[in-house]
Structure formats: structure tokens, C-alpha cells
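J.: This is the structure I want to talk about, given as C-alpha cells.
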Ligand code: GDP
Ligand code: MG
């Protein structure tokens, strides 16, 4: 049979060609990157890198087939709808991020359904119910773990969950180091920014100073001829919160956020925890498609089948459309925040793909450790 080239083998093993050549060299085999290797040698070398050639080929085939099946799933309803925006709140410590998130949520609970028990599932959805508001009836999702760390961690894992960043700046304190850090994060992620100038109820509030300070850094208020939306608010007095929500909808419209509810669900893990009694529990933001009770899924390196799901008020639900945070039960093991969630046609496929991913991860870890030891050797040669 035809052998595999050094280059292709290195790629399959997840190591650099140079390292593979060095390994072969130590065995007294001199090769170039494009040279073909015979099966016995491939097996030996692959083994040294912690991979089994037989298994790779077999599982690769299985997984590819499964992935193709998933992708080829019939999606009869490709009808697009506008989906609610997903918002992250960032800003300097003590400027009122938590207060603002709580105030928005309470306002909604009070107006929507009195007595609704709020659950912390890492995100919540509000509906604008102010009579006469141009955004009446529209929904917004807030990720309720404020802070740069969560945002950065998600981004580092390749997850894009945020459509809009609201930067909270206390009107008495003004722009501080973490305010600028938040601006940098939002800019790096290419996410539109809305500035909420908070604590305007305080006697020493200077909202215009905040506008000036941020204007100097390229965030010029619309009122001053720029393009950044600023809203003066008070989380404490629940002042202008409706206006902030309306502005979020306005900025969301510019982004033309669409989703296809007729597809099977795709999303991202916001949080995951081990719950005594319930096992592995994850908060997932459904980003596209519709998630249904009993759906099989893969998520990160694990998989499962929805045994039950709950909304942000702790109510059991059967379906969750685009831009809906849900808490799910039925995971085989713990996923991680930032993991991609994908519904598959059935449980067997979910299992095969997750096993494949686990193997890939193991493989790359093994490759990494052998790479470290080889690095030194390659230099000595
Ligand atoms: P975070 O660190 O950004 O989450 O800030 P917090 O929400 O914990 O708020 C920090 C402090 O500012 C708390 O003592 C809040 O009560 C207070 N605070 C938050 N928003 C307002 C506001 O609109 N007006 C006033 N006067 N105090 C506020
Ligand atoms: Mg806080």
C-alpha cells in the first residue's frame, strides 16, 4: 500500500514536521518532509508520539461519517427571524454592574410576572413591557456574570456569545483603568459598545465628564456628533433603565441579528456545575435553532440527551428558541464554559463524536509532552 508522507503524518499527529524528522533521525532514518514512510515505521513512530495508527484511522472514519450526517441533517424550515441581542455588562469595579443587572431583571420580573423566582443560570432574558415604548415586546438576553474575565475566557475558547457590550461608568468616579480595559476588550472582539453612565442620582455625579473622557478615546457621544450611544442611568433609583433597553434594541437592529428557529440547536455553555442529586448541570445559551426536550447533543468533549430543561426563572420548558438561556440536565459528564453545544440526530452519533474529540484532545496532549522533550533533542542535533 501507499505510505504516508512525513508532512501528512506530522499533521495527523499534531506535531511539527521538524520534530518528526528529528525523531526519525534518532532512529537513523534520514527523510525530507515530502518523503513517504512505510507502514511499519509509521506505526512505530506514531506509537512513540502516543497515538495508535489503527484507532486513528478507524475513528477518523467513524467520526467523519457522523459529522457529515449531522451536517447533512434535513433542515426543512430555513425561515429566518430576528433574534434578541445578547448583552455583556462590563466596567470598573464598584461602578454598578451587578446593581444594573439586578435592577433590569427586577424591573422585568415586577412588570412581567410578579412572584417569578429568579434563578442564577448565568444569563437571563427580559422583555420590554413599557406601554408605548418603540421597543415594546422585544427581548434582550443579559449574561449575568459581569466582568472581563468571563468575557475573555469565552473569547479565548473561540466562543462568540456577545452581540453588544454595555460599559458601566459611575458618573461620580469617571473613567477608570478597568473602564478602558473593557473598551479594549469590546473593540478587540469587534462588538458594538453602549455606555451606561451610572449613579446619576448622586449629588457629585458628572455625566458630561464621563462623555468627555471617553470621547477623548474615540467613543464620541451621538449628541456630540459621534456614533456611540450614551445613556445616563441610576441602577439604584431605577432611572432610565427603559431607555437603556430601547437603545440596546436600536443598536441590535444595526447588527441585523438573524437566526433560523427551524434548525436543530447550536449554542455555547455559559456555566457548568456538578449538582448534588441532579448530576452535571449546564447553562447553555441557545444561539441558533430550537432546542427540544429529549434532543441528543454533543458539547465540548462530552455528550448527552436533554432529560429536562429550565428557563431563567426555574420553570421547566419543552422548547427553547434562538437567544434563549436554558439550564439543561442529561449530560454524561461536565462540559466547560465556552464549549460549543450541538444537537445531533441521535445519541449514538453524539457519543461517537464526543469520543473522537476526547481522543483528539488526549492525542494533542501526548503530542505536546513529547514535543517538549523533543525540542531539546532537536536543538542538540
Ligand atoms: P460592581 O462592582 O460594578 O458590580 O458594582 P455594584 O453593583 O456592586 O455596586 C457598587 C456600589 O455602588 C454598591 O454599594 C451599590 O449600591 C452602589 N450603586 C450601584 N449603582 C448605583 C446607583 O445608581 N446609584 C448609587 N447612588 N449607588 C449605586
Ligand atoms: Mg459586581
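J.: For the stretch 332-348, which positions are in a helix (DSSP H, G or I) and in contact with a strand residue (DSSP E or B) (Cβ under 7 Å, 6 or more places away or on another chain)?
T.: The one that is in a helix (DSSP H, G or I) and in contact with a strand residue (DSSP E or B) (Cβ under 7 Å, 6 or more places away or on another chain): 347.
J.: Also, quick follow-up: Conditions first: (1) crowded, with 18+ Cβ neighbours inside 10 Å; (2) at pLDDT below 85; (3) more than 30 Å from residue 195 (Cβ to Cβ). Residue 20 passes all but one, so which condition is the exception?
T.: (2) is the only condition that residue 20 fails.
J.: Quick check: anything in the stretch 35-49 part of a loop (DSSP other than H, G, I, E, B), surrounded by 14 or more Cβ atoms within 10 Å (Cβ to Cβ) and at pLDDT 80 or above?
T.: yes
J.: Let me ask something else. Pairs only if they're at least six apart or on different chains, beta carbon under 7 angstrom, first in the stretch 261-275 and more than 19 Å from residue 121 (Cα to Cα), second buried (at least 21 other Cβ atoms within 10 Å of the Cβ); list them, first residue then second.
T.: That search, which allows pairs on different chains as well, returns 261/289; 261/322; 263/289; 264/289; 264/343.
J.: Let me ask another. Go through the stretch 94-114 and report how many residues are in contact with a helix residue (DSSP H, G or I) (Cβ under 8 Å, 6 or more places away or on another chain) and at pLDDT below 95.
T.: 3
J.: Please determine whether any residue of the stretch 177-191 is outside any helix (DSSP H, G or I), under 30 Å from residue 300 (Cβ atoms) and touching a helix residue (DSSP H, G or I) at 6+ places or on another chain (Cβ under 8 Å).
T.: Within the stretch 177-191, one or more residues are outside any helix (DSSP H, G or I), under 30 Å from residue 300 (Cβ atoms) and touching a helix residue (DSSP H, G or I) at 6+ places or on another chain (Cβ under 8 Å).
J.: Kindly provide the set of residues from the stretch 143-172 that are at pLDDT 95 or above and either part of a strand (DSSP E or B) or within 16 Å of ligand 2 (Cβ to nearest atom) (or both), ordered by number.
T.: Of everything in the stretch 143-172, those that are at pLDDT 95 or above and either part of a strand (DSSP E or B) or within 16 Å of ligand 2 (Cβ to nearest atom) (or both) turn out to be 164, 165, 166, 167, 168, 169, 170.
J.: Then there is this: Search the stretch 92-107 for residues that are under 18 Å from residue 183 (Cα atoms) and near ligand 1 (Cβ under 6 Å from one of its atoms) and pair each with any residue that is modelled with pLDDT under 95 and part of a loop (DSSP other than H, G, I, E, B) when their beta-carbon atoms are under 6 Å apart and the residues are at least 6 apart or on different chains.
T.: Cβ pairs passing all conditions: 97/146.
J.: Another question about this same structure. Testing residue 156 on (1) within 13 Å of ligand 1 (Cβ to nearest atom); (2) surrounded by fewer than 22 Cβ atoms within 10 Å (Cβ to Cβ); (3) touching a residue at least 60 places away in the same chain (Cβ under 8 Å), one condition comes back false. Which one is that?
T.: Single failed check for residue 156: (1).
Each row is one residue, and each column tells you yes or no for (1) within 16 Å of ligand 2 (Cβ to nearest atom); (2) in a helix (DSSP H, G or I); (3) touching a strand residue (DSSP E or B) at 6+ places or on another chain (Cβ under 6 Å); (4) within 25 Å of residue 161 (Cα to Cα).
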{"residue": "217", "(1), (2), (3), (4)": "no, no, no, no"}
{"residue": "231", "(1), (2), (3), (4)": "no, no, yes, yes"}
{"residue": "248", "(1), (2), (3), (4)": "no, yes, yes, yes"}
{"residue": "253", "(1), (2), (3), (4)": "no, yes, no, yes"}
{"residue": "267", "(1), (2), (3), (4)": "no, no, yes, yes"}
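The values are calculated or read from the model by the stated rules, or taken from the named source; none is laboratory data. Predicted model only: the values in this text are computed from it and were never measured. Glycine gets a Cβ as well: all are built from the backbone with ideal geometry, and neighbour counts include every protein chain shown.
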